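All remarks here apply to the structure that follows.
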Amino acid sequence: IACHGVDGRGAGARTGADFTSQEGPLTRPDGELILSILDGKTGSIGTMPAHRTMLGEARCEAVLAYIRSHFGQGIPVVTEDARALEDAGLDAP
């Protein structure tokens, strides 16, 4: 709550990623987001600490499910295959 806020907007993406944004982190595949929660992530806003030792994998999956259900409604998830094509500079079929 301290970084992403009760509303999931991260104080306008100043203190954490905005979960409600159509271009935000919830467009990423579950596997990528679970790793970010488990191992932490450094980005343009700052560093999210790792939660692996505090929560473990099953609870991190539950956290992501909660975040998606509360903040991600209507946000399309880019599949891992589409993300790989995008990263390679190719268009999805």
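A few points about this structure:
- Scope the range 20-51; condition open to solvent by 40 Å² or more (accessible area, probe 1.4 Å) and under 22 Å from Q73 (Cα atoms); matching residues: Q22, E23, R28, D30, E32, L35
- Scope the range 20-39; condition in a helix (DSSP H, G or I), touching a helix residue (DSSP H, G or I) at 6+ places or on another chain (Cβ under 7 Å), in contact (Cβ under 8 Å) with a residue 24 or more places away in the chain and closer than 19 Å to G10 by Cα; matching residues: L26, L33, I34, I37
To keep it simple, each residue is scored yes or no on (1) at pLDDT 95 or above; (2) exposed (fewer than 11 other Cβ atoms within 10 Å of the Cβ); (3) touching a Leu at 6+ places or on another chain (Cβ under 9 Å).
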| residue | (1), (2), (3) |
| --- | --- |
| R59 | yes, no, no |
| A62 | yes, no, yes |
| I67 | yes, no, yes |
| H70 | yes, no, no |
| G74 | no, yes, no |
| T79 | no, no, no |
| A82 | no, no, no |
| A88 | no, yes, no |
| D91 | no, yes, yes |
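- Pairs with Cβ under 8 Å, 6+ apart, first in the range 1-19 and closer than 17 Å to S36 by Cβ, second open to solvent by 40 Å² or more (accessible area, probe 1.4 Å) and polar (S, T, N, Q): A2/T15; C3/T15; H4/T15
- Residues of the range 1-19 classified as in a loop (DSSP other than H, G, I, E, B) and buried (at least 20 other Cβ atoms within 10 Å of the Cβ), total: 5
- For the range 47-55, the criterion of being touching a Gly at 6+ places or on another chain (Cβ under 7 Å) and not in a loop (DSSP other than H, G, I, E, B) is satisfied by at least one residue.
The values are calculated or read from the model by the stated rules, or taken from the named source; none is laboratory data. Just so it is clear, the model here is predicted, and its values are computed rather than measured. Because the Cβ atoms are built from the backbone with ideal geometry, glycine has one as well, and the counts that use them run over all protein chains shown. These accessible areas exclude ligands, DNA and RNA; they are computed on the full protein's heavy atoms, side chains included. Shrake-Rupley method; radii C 1.70, N 1.55, O 1.52, S 1.80 Å.
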